[in-house]
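Throughout, read-outs are computed from the coordinates displayed, never taken from laboratory work. In this text the structure is predicted, and so the values were computed from the model without any measurement. As a convention, Cβ positions derive from the backbone with ideal geometry for all residues, glycine included, and neighbour counts pool all protein chains shown.
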Amino acid sequence: MFFLTPANTSADLPGSNQVLHKVVFGSCIQQDLPTPIFYTMAGEFPDLILFLGDNIYADTEDMTEMRAKYDRLESNTDFRRLRSEFPIMATWDDHDFGVNDGGADYPQKEASEKEFMRFWNVPPQSSSRNRPGVYDAKIFGPEGKRVQVIMLDTRYFRSPLKKGERRVGGPYLPDDSPAKTMLGEAQWKWLEQQLKKPAEVRLIGTSIQLVPEPRGQEAWGNLPLERQRLIRLVDQTKAAGVVLLSGDRHWAELSCCTEKVPYPIYELTSSSFNQIHPRGTPTENAFRSDDRTYHRENYGVVRIDWNRNQPTVTLEVKDMEGGIRIDKKISIGDLQPK
């Protein structure tokens, strides 16, 4: 979802010809806890900030309660500074959608969407106002330096998940039923159209992880045909420059898929802004491409260096003080279809 909101409440998005050099992102805000990490993020002076979900912990079917929790986040001084000084794009995850691990069967999804639109000041003329779900996309920069930002909605349309005996990550099991969906057909058709648009770099925001293997937790791997569909769609559309950004897990890690893909598909996971995972140990992930994981408050950074002979994308996870905990530099030339 992107937002062109009044200047006194939120910074305008960059113009379509403005080059993006730095994008900051993350997820999971407990609205009743302090958020000092937002002060550090402001010091990055990003061109764009992406909120990938669990922007509040609503967990309710009562929209009065949900609005009150959004209002508590709005009253947060650090959040207000980010919102007033830097452009924002956002999507939701389960807790700001309204129910833990929720999907299409959440009875208040239409009302919850209205609260989401209200809080993020989505203009009445936005196409997002005229369709179910909160997905959206925008391309920034001129030819040769185009960055496409795609924010997916993994909640509104998602089919029920299969449950089994609880494992370390949770109770969910992979389900290869072709009748089940992650995005819904309308969003899938829209995504195909987006991936056909020309861009040098594509940042796809997905609230839950796509590349890592499912170990009981919520992940695209619980609907493996849908996971394969997205990767196949990148291949079929010959979409260059795809990098995945995700949250949800309350720790940070870097994953990479190198088999049956048109080029290495990297995914940087950043979570949480202000909540520590009580277990402190990540689930197993055969796709983890860096041994480092980070379990304190963190945010992600995507830095794009257009000035090199071979432009690069650098993925970073940073801590409360802005220290780098995970990093990876990738040549954009290595993110091209074969």
(message) Given Cβ point charges of +1 (Lys, Arg) and -1 (Asp, Glu) and nothing else, what value in debye, to the nearest 20, does the dipole of the range 22-334 about its Cα centre take?
(response) 740
(request) Calculate I(q)/I(0) for the chain by the Debye formula, one identical point scatterer on each C-alpha and no solvent, and give its log10 at q = 0.15 Å⁻¹ to two decimals. (result) -1.35
(request) Find out how many positive minus negative residues lie around residue 80, taking Lys and Arg as positive, Asp and Glu as negative, among other residues whose Cβ is under 13 Å from that of residue 80. (result) -1
(request) Would you grab the residues whose amide H sits under 5 Å from the one on residue 162? Only those 5+ places off in sequence or on another chain, please, with H modelled 1.01 Å from N. (result) 173
(message) Only four residue types carry charge here, +1 at the Cβ of Lys and Arg and -1 at the Cβ of Asp and Glu. Report the dipole size of the range 1-154 about the Cα centre in Debye, rounded to the nearest 20.
(response) 740
(request) Could you tell me what percent of the DSSP beta bridges with both partners in the chain are antiparallel, to the nearest 5? (result) 60
(request) State the answer as a single residue: which of 25, 211, 139 lies farthest towards the positive end of the charge dipole of the range 22-334, with beta carbon charges of +1 for Lys and Arg and -1 for Asp and Glu, about the Cα centre. (result) 139
(request) Give a residue-ordered list of calculated ³J(HN,Hα) values for the range 324-333 (Karplus: 6.51 cos²θ - 1.76 cosθ + 1.60, θ = phi - 60°; whole Hz; x for Gly, Pro). (result) 7, 10, 9, 8, 7, 9, 10, 6, 4, x
(request) Could you tell me whether the range 110-241 comes out rounded, prolate or oblate from its Cα gyration tensor? Rule is a ≥ b ≥ c as square roots of the eigenvalues, rounded for a/c under 1.5, then prolate if a/b exceeds b/c, otherwise oblate. (result) oblate
(request) Take the cross-link list 109/260; 180/260; 69/328; 180/338 and give me the ones stretching past 26 Å between alpha-carbons. (result) 109/260; 69/328; 180/338
(request) Would you look at the GNM of the chain, springs on alpha carbons closer than 10 Å, and say which of 303, 118, 146 moves the most? (result) 118
(message) Can you show me the helix-derived [θ] at 222 nm for the chain, built from DSSP H runs with n ≥ 4 at -39,500 (n - 2.57) apiece and divided by the number of residues, rounded to the nearest 500.
(response) -5500 deg cm²/dmol
(request) Determine, for each peptide in 18-27, 100-109, 171-180, the mean count of other beta carbons within 10 angstrom over its residues, then list the peptides with the highest first. (result) 18-27, 100-109, 171-180
(request) Would you work out which of 53, 179, 240 lies farthest towards the positive end of the dipole of the range 22-334? Charges go on Cβ: Lys and Arg +1, Asp and Glu -1. (result) 240
(message) How much of the DSSP bridge set in the range 93-210 is antiparallel, in percent, rounded to the nearest 5?
(response) 60
